[in-house]
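Written out below as structure tokens is the structure these notes cover.
The values are calculated or read from the model by the stated rules, or taken from the named source; none is laboratory data. As the structure is a computational prediction, the values presented were derived from the model and not from experiment. Cβ placement follows ideal geometry from the backbone for every residue including glycine, while neighbour counts extend to all protein chains displayed. Surface accessibility is based on the protein's heavy atoms, side chains included, excluding ligands, DNA and RNA. Shrake-Rupley method; radii C 1.70, N 1.55, O 1.52, S 1.80 Å.
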Amino acid sequence: MSDMVQVRLIGGPMDGGTLPVDREAIEDAEPGFDFVPEDSRGAPDDCSRVLYTAEPGGDPTVWHWRSWVP
């Protein structure tokens, strides 16, 4: 069974929410990934995913909004 960690999301459509992710996702050299959000209102027509990543050198369990992703 995988080890899950709650990541706090800052900005964008998931602002203030949390996301359970595998510990491997926060231990990566560049923590973060793109995923389908719970609410995609406001997304450009050609995008359905969001990208959140940790700040370089920052807390790997706090991910910041970067962009919509096709």
Just need the relative contact order of region 16-70 here, percent rounded to a whole number, with Cα pairs under 8 Å and 6+ apart.
31 percent
Counting only protein heavy atoms, what percent of the accessible surface of the chain is carbon or sulfur at a 1.4 Å probe?
49 percent
Candidate values (1) 132; (2) 85; (3) 154, label of the one derived for volume of the Cα convex hull per residue in Å³
(2)
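What accessible area per residue, rounded to a whole number of Å², is obtained for the chain using a probe radius of 1.4 Å? Write down the numbers at each step before the final one.
On the way: 4500 Å² over 70 residues.
For the chain, the solvent-accessible area averages 64 Å² per residue.
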How big is the gap, in Å, between the Cα center of region 19-36 and the Cα center of region 46-61?
8 Å
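Give me the dipole magnitude in Debye, nearest 20, for the chain about the Cα centre, with unit charges on the beta carbon: positive for Lys and Arg, negative for Asp and Glu. Mind showing how you got there, number by number?
Details: 5 positive and 14 negative charges, 39 e Å.
Using only the charged Cβ atoms, the result is roughly 180 debye.
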